[in-house]
Every structure is written in C-alpha cells, then in structure tokens.
Amino acid sequence: MSDPIRLVDDPRAPSELRNLLARAPRARALDPTARHRIGRRLARFLALPLVLTVGLTMKTAAAALAVATGGLVVGAVVIHEVQVLRALSVPLPIPSHSATQRQRARAMVERVASDATRRELLERVEMPTPAAAFPDADTAVSNPSLASRGSPAAPRKLAAAAPASVQSSIGVQSSGLELEAAMLETARRALATSPAEALAIVGEHRARFPRATLTSERDLIQLDALCRMQRRAEARQLGNLLRARGGLYAERVDRLLEKMDTDE
Amino acid sequence: MHRRTVEQALAIERDVAEPTADRRTGPEAALVYAEHAEFLWRSLQHMGIREADLEDAVQEVLVVVHRRRGSYNYECRLTTWLFGICLRVASRHRRRAYFRWERHEAELPELIDHHTPEDQLIEHRTKATLNRLLSGLRPEHRAAFVLFEIEGQSCQDIAELSGVPVGTIYSRLHKARQLVDRALERERLSARKGHDR
C-alpha cells in the first residue's frame, strides 16, 4: 500500500485546509539558550535524582488533593508544598515564610529525601528566604487560581531571582557535566567539515576537564578526527589504547581504523 | 532474537556517542540529551506540547530516560524508544491540561522569518486556526498528521520512528484527518453563526 496524497496536494481537500497546511510552520529548532537551560536542569536533577523523582509523584498527588477537597486552607498548604517541591530541584533556599511552613518543609524533606541529601536540604530549609526570590509564592497564596497552573516559568524565575552567591554556587554545581556534553557535541558536529577543529576542541576539553566524566566519548571523537585527517600512526596508537579498555569499544575503534585504511 | 550491542544501538547514523560502560544500565540521560536534544524538542512539538511547556516536557522525558534506562533492551532504535517516551509525556501533559485554570491550546512553532506585518498577521491566524483544529487529537494521531502533512515525512519513516507497523500509521493518519475535518466543520458553523448575528 502506498502513501496517501498529502492534503496540501489533494484537490478534493477543503481549500481552506490546504491553504492552512501550505502556510503551516515546521517545528522550531532548539535554540542554544534553551539547550543550556535544559542541560543545567538535567545536571541538577542527576545530582538529586531520588528527591525529584518522589517530588514529581507527590506534586501530582498534592494537586489532585487540592482539586478534590477545595478550600483556601488546603489550597495554601498545597501551594506551599508545590513551591517546596519545585525548590528541592533548585539549590536555593526552600520557601518558608512562617514557622509553621518551615516545620512543614522540614517534615517533607524528612519524608522524601535520601540519607545522602537530607542534611543539605534541611540546611536549605533553615536558610532565610528573600521575598524577591519567590515572587510567585505570595501571589499564589493570595490568588488560588494560580495554584494549579503548574507554571513552568516558576523554577526559572526562582533561579533567576536568587542572590548572586547562590547563583554562583548553582553555576559551580551544575556546569560540569552539561558543559562537557555541550563541548563534545560541538566537537562531534565539527568532525565532518573540520576534523582539525574537532581535535582542537577535544584538546581544550582535556585541559578544561582534567577529571572529565565523558572521557570515552572524547577519545572516540579524537580517534575519528585523527582518522579523517589520515594521521595514521597517532590514530593506531590511540586505537590500541582504546581497544585495551576492552569490550564495547573494540568494534567502534576497529570500524574507524578500517574506514581510515579504505579511504587511502 | 538478535540483540544489538550498545554501540550499534547508540551509533545511529553519524553518532559518536559513548557506549555505556555497563550495558545493564542502558543509555545515560546526559548522553541522550547531548545526542538527541533536538530530536526530543521537535518530537514534543509535533505532539502538541505548548511552547511554554517545551522545556519542562523535555526535562520530563529525560527524567524518564534516567529512571527507566534499564528497560531499554536495544531491540529497537534509540530514537524509537525516545519517541515512545515523548508520546507518554505528551499524553500526561494533555491530561493535566484539564486541571489547569487556563485553556489548553497546543501551539505550533513560530516561523523565524517575517516579511511584513501583514505576513505576520496571516501567520498568526494560520497558527491559531491550525492549533484549534489539531487540539482535539491525541498525541500519536497529531504526531502522525503533523509529520506527514506538514513536515513531509513518508509513512514508512514515521512508522520506523514510532516503532509501529506502517499500517498503524495509515490508520492514525486516517483518524486524524477525520477529526480535523470535523473540527473544520465546527469552525465553519461557528463562523456562520457569528456572521448571522
């Protein structure tokens, strides 16, 4: 069976629909700013996986409870818990505007946090909460209609409004893996058009991240670049080193070296 | 049943991705992000995730990848596995939209190149109308429709991406077209009622 005619080309399709489809935009590409933001969030998540995992489940349960029972009092509790759960994924003070809220935040950390993270999270509960850092908190409490918006902008606003000292700690905490991956992605993209540039980026990666996580990824890109540049002796030397690591790398290394030999 | 090695599964097209050290743990979320962020971003748009929710949705997909990486058995392409996760995340977003106070209107992406204010107005209206027509579609139907009718992919390619038989894609496309037709009819009726007043 072959594909149907596309509606835009089908004279039997309504003309207005054909016009709409002819003018319809394609999916937008991922811009570098958004890529950077998502990478940072991912790095933070990977540092606190258990808390975020449980937090997502509890947020859903908390939202369902608020809808089912209604009431401003219950809504205020849920809103605060949602704020706390969001803040757990961001290294900022956990929002607590009163002693009661602080106590609830402490209880939540006790419930959801693993042993490894509980101490750090409890410290964040005790940190003073600058009002400017949580512009949504007061607004949400006074306007319950915002409670279930689940505004995706809230975590970004929290991070953006954090004091400079906290922001710098966010940068230190979250930049490593994300920067590594981004740099290697740039190197990988350069392989086809400019393997020399890819090699330079790999060198920079080595200097910048002496204790890198993505070392195998880096080495494979380096090998690929050397092969493309026909620097045979270096490629073979590196290939032997990678093969010596054994198992999963051998096949990939062999493929690259074989391609280098056949491209002579 | 033939099982691909970790390298084969991750080395799709021009990948130079690092194979995971331990095959039992599956693909690492950080590497999936480094290699397939663009794919996730576009796929979620095809499934109707709003512009404002895209970053959160991508994050959700990566969370699922991290939590469920052990379940990837390397029998399908990695992008197929990721596409399935995107579908589930998009379905969850759609269900959650009923609990939001604001109306849920899935958006089509913005065109970057604008010529005149008139072009901008036409584009805005096109987007708004098409979003309304597609808003009633489930993510898998919407993805099939958008990928075929707008992105111009073949049904075979869409089937491989989705990990379903091509017949299923024909069926989804047919269903999507029916729903779009009905939505178009409703638009016409409400436009006529507006005229008659």
Task: Residues B:S71, A:S194, B:S43 arranged by fewest to most Cβ contacts within 10 Å - done: B:S71, A:S194, B:S43
Task: Fully extended contour minus Cα-Cα distance, from B:K175 to B:E75, at 0.36 nm per residue - done: 33.1 nm
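Tell me, B:C86, B:C155, B:C76 in order of fewest to most beta-carbon neighbours within 10 Å? Don't jump to the answer; show the numbers that get you there.
On the way: B:C86 28, B:C155 21, B:C76 15.
With the sparsest Cβ surroundings first, the list reads B:C76, B:C155, B:C86.
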Task: Residue-count net charge about A:A196 - beta-carbon cut-off 12 Å; Lys, Arg +1, Asp, Glu -1 - done: +1
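In peptide B:54-61, how many Cβ atoms from other protein chains are near each Cβ within 10 Å, on average?
Numbers: counts 5, 10, 8, 1, 7, 10, 1, 0.
For peptide B:54-61, the averaged partner shielding equals 5.
Fewest to most neighbouring Cβ within 10 Å: what's the order for B:K175, B:K193, B:K127, A:K259?
Values: B:K175 16, B:K193 9, B:K127 19, A:K259 12.
Lowest count first: B:K193, A:K259, B:K175, B:K127.
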Task: Cα→Cβ-extended label distance, 7 Å offset, between A:K259 and B:E51, nm - done: 3.8
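How much net charge surrounds B:S162 when only the other residues with a Cβ under 10 Å from the Cβ of B:S162 are counted, with Lys and Arg +1 and Asp and Glu -1?
On the way: positive: B:R172; negative: B:E140, B:D157, B:E160.
After counting each charged neighbour, the total is -2.
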TODO: Could I have the simple spin-label model distance between B:R95 and B:N131, label points 7 Å from Cα toward Cβ, reported in nm to one decimal?
DONE: 2.4
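Computed from the coordinates by the stated procedures, all read-outs in this text should not be read as laboratory data. A quick note: this is a predicted structure, and the numbers were derived from the prediction, not measured. Methodologically, a virtual Cβ is constructed for each residue, glycine included, from the backbone with ideal geometry; neighbour enumeration extends over all protein chains shown.
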